[in-house]
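Structure, as structure tokens:
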Amino acid sequence: MTDQRTSWLVLVVQVPATPSRHRVAVWRELRRIGALSLGQGAWVVPDAPVFADGVARVVELAERGEGEVLVLDATGRAETDSARLEAMFTAERAEEWAEFLADCGKFDAEIDKEIRNGKFTMAELEEEEQSLERLRRWHRDVRVRDLFGSPDAAEADRRLAHCAERLADYTDRVFRALHQM
């Protein structure tokens, strides 16, 4: 049996407590790239090209705040260590997908409300287009980070396609309503 352990980058982050804006900026960037917190300033991401720019940005932000980031290569001593990190990382992606799916539900409910209220205006259509574009960006960002294939990814794909179909239907209704005047 071959050893299939994933390579990881462990980031040990130290940034002075004050001013707090630097710590917050580093923390936000770590969250944005999907890093997994191991506690006490230790974070981990798979050693994959998709994370390289984000890791570089974390280092830059920490240094700007007069802190530092120690970046270490790791694989885990045993396959179970690597498997545990993969499971933890995938669980974080599952949480992101759950939040994404909830927002898809909100988008769906918003379209239902506008149809029920007969609100077929260009201003409302533009707002819904922006909402769908935000969902598309979010989907793309999570999809890129979801290296190990969270089970929720397929449902997220389906729900995003459904949202696009709902917007297309709403768009048709808006144009029909505007051209009837």
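Read the figures in this text as sums done on the coordinates, not as results from a lab. Since the model is a prediction, treat every value here as computed from it, not as a measurement. As a convention, Cβ positions derive from the backbone with ideal geometry for all residues, glycine included, and neighbour counts pool all protein chains shown.
Miscellaneous remarks
- Debye, to nearest 20: dipole size of the stretch 8-75, +1 on Lys, Arg Cβ, -1 on Asp, Glu Cβ: 360
- The charge dipole of the stretch 1-129, taken about the Cα centre with unit charges on the Cβ atoms of Lys, Arg (+1) and Asp, Glu (-1), comes to about 520 debye, rounded to the nearest 20.
- Relative contact order of the stretch 1-131, pairs being alpha-carbon contacts under 8 Å that are 6 or more residues apart, as %: 30
- Charge dipole (Cα centre; +1 on Lys/Arg Cβ, -1 on Asp/Glu Cβ; no other charges) of the stretch 90-179 amounts to roughly 180 debye.
- The chain: angle of helix 79-116 to the longest principal axis, Cα-based, in degrees nearest 10: 20
- Each stretch of four or more DSSP H residues adds -39500 (n - 2.57); spread over every residue of the chain, this sum gives -23000 deg cm²/dmol at 222 nm.
- Acute angle (nearest 10 degrees) that the helix 49-64 long axis makes with the longest principal axis of the chain, alpha-carbon atoms: 70
- Residue 99 versus residue 136: modelled label distance in nm, points set 7 Å from Cα along the beta carbon direction: 2.2
- Between the stretch 96-134 and the stretch 15-41, the C-alpha centres lie 32 angstrom from each other.
- Counting every alpha-carbon pair across the stretch 90-179, the share separated by more than 16 Å comes to 52%.
- Rg/Rh for the stretch 22-122 (Cα atoms only, Rh after Kirkwood) is 1.17.
- Cα-based helix-to-principal-axis angle, 122-145 vs the chain, degrees rounded to 10: 30
- Divide the volume of the convex hull around the Cα atoms of the stretch 8-75 by the residue count and you get 67 Å³ per residue.
- Projecting the alpha carbon convex hull of the chain along each direction and taking the average yields 13.3 nm².
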